[in-house]
Amino acid sequence: MFFSIDPNGDVAIYEQIVRQVKFAIAEGSLQPRQLLPSARQLSGEVAINPNTVARAYQILQSEGIVELMRGRGIAVCIDAVAKCRDARRSLIAIRVRAALSEALHGGLTPDEIRQLLDAELSSLDGNVRTIASPALNNSSDNSSPNGSGT
């Protein structure tokens, strides 16, 4: 699984991990029962403290997104997809609302905002990098110890 961590961002690192796991589940890059990388493995991959990853995993577990599978590791819960899609929609709505408020406070009219939004959507043309790695997308084997299918 591919994580993109911004240590200088406004969002705490553990929260970035939580969000990215939820988004990966929502978009189908992580499937129910698929194992996540261990806290030690992920911390080594993204060069952060293992306790930070453990904190993110604890939050995900308390929210019913992942579960501890004794002797195997942390896996995505069967019913996590709907929860993650709801969480993704809520988070994006909050961020869009903030951007719209900023634009309105900045003096843009609703029509100017719509034009800007349409132009930006057109420029993306569906070509955005997701948080999934190519190896994860191409794998049908979710039984590997690190959950990446590799």
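None of the figures in this text is laboratory data; all of them are computed from the coordinates on show. Being a predicted model, the structure only gives us computed values, none of them experimental. Cβ placement follows ideal geometry from the backbone for every residue including glycine, while neighbour counts extend to all protein chains displayed.
For the reader, a short list of remarks on this structure follows.
- On the basis of the beta-carbon distance and an R0 of 35 Å, E67 and L124 show a calculated FRET efficiency of 0.50.
- Pair-distance distribution of region 13-138: all C-alpha pairs, bin width 5 Å, starting at 0; shares per bin in whole percent are 2, 10, 16, 19, 17, 12, 9, 8, 5, 2, 1, 0.
- Within region 61-111, GluC sites (Glu not before Pro) in DSSP loop having at most 15 other beta-carbon neighbours inside 10 Å: E63
- With neighbour counts taken as other beta-carbon atoms within 10 Å, the residues I74, I13, I5, I25 rank, fewest first, as I5, I13, I74, I25.
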